[in-house]
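Worksheet for the structure shown next.
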Amino acid sequence: MLIPQLLILAVSGIPFGLQNIYFNITNDIPKDDLRNAIEHLFVQIIRLFYHCNFVCPFYIYLYMSSEVRKVLKNYMIKSARCITDVTLNTITNTTQSLHA
């Protein structure tokens, strides 16, 4: 499980580092609005990749570990039962108040 995490860290972390180097080099250069807009677009795309560092380990463990899948499945079943119970109670209470 360590190798997929390291690959994702490299793929998502290297652009973030390169972006910081680029901004430090071009900090003193005057930029027009179009260039600022393009740089801002790239910053947002790089940030999206950088957030993969925090999200992807969950999916890696979910894919690789049967125990994690089992725990998640049990949690989802419990959550579905709670939602169903609340929904049924709400429907029952609404129906009773309409007939009263």
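So, in nm, how far is label Ser65 from label Lys78 when the simple model puts each one 7 Å beyond its Cα toward the Cβ?
Between Ser65 and Lys78, the simple spin-label model gives 1.7 nm.
Heavy atoms only, 1.4 Å probe, whole protein assembly: order Tyr50, Tyr63 by accessible area, highest first. Walk me through the numbers on the way to the answer.
On the way: Tyr50 75, Tyr63 175 Å².
Largest accessible area first, the list is Tyr63, Tyr50.
Once phi is turned into θ = phi - 60°, what whole-Hz ³J(HN,Hα) does the Karplus curve with 6.51, -1.76 and 1.60 give for every residue of the stretch 47-62, x standing for Gly and Pro?
4, 4, 5, 5, 5, 4, 4, 8, 9, 4, x, 4, 5, 5, 5, 4
How high is the FRET efficiency between Leu41 and Ile3 when r is their beta carbon distance and R₀ equals 41 Å, given to the nearest 0.05?
Values: r = 32 Å, r/R0 = 0.77.
FRET efficiency, Leu41 to Ile3: 0.80.
Which whole-number value in Å² is the accessible area per residue of the stretch 1-89, probe 1.4 Å?
82
By the gyration tensor of its Cα atoms, with a ≥ b ≥ c the square roots of the eigenvalues, what is the shape of the stretch 1-45: rounded for a/c under 1.5, prolate for a/b over b/c, or oblate?
Details: a/c = 7.37, a/b = 2.51, b/c = 2.94.
Judged from the Cα gyration tensor, the stretch 1-45 comes out oblate (a/c at least 1.5, b/c at or above a/b).
Residue by residue, what Karplus-based ³J(HN,Hα) values in Hz, rounded to whole numbers, does the stretch 7-17 have, using 6.51, -1.76 and 1.60 with θ = phi - 60° and x for Gly and Pro?
Along the stretch 7-17, the couplings run 5, 5, 4, 5, 5, 8, x, 4, x, 5, x Hz.
The values are calculated or read from the model by the stated rules, or taken from the named source; none is laboratory data. None of the values given here were measured: they were computed from a predicted structure. Cβ coordinates were reconstructed from backbone atoms using ideal geometry, including for glycine residues, and neighbour counts include every protein chain displayed. We work out accessible area using only protein heavy atoms, side chains counted, and drop any ligands, DNA or RNA first. Shrake-Rupley method; radii C 1.70, N 1.55, O 1.52, S 1.80 Å.
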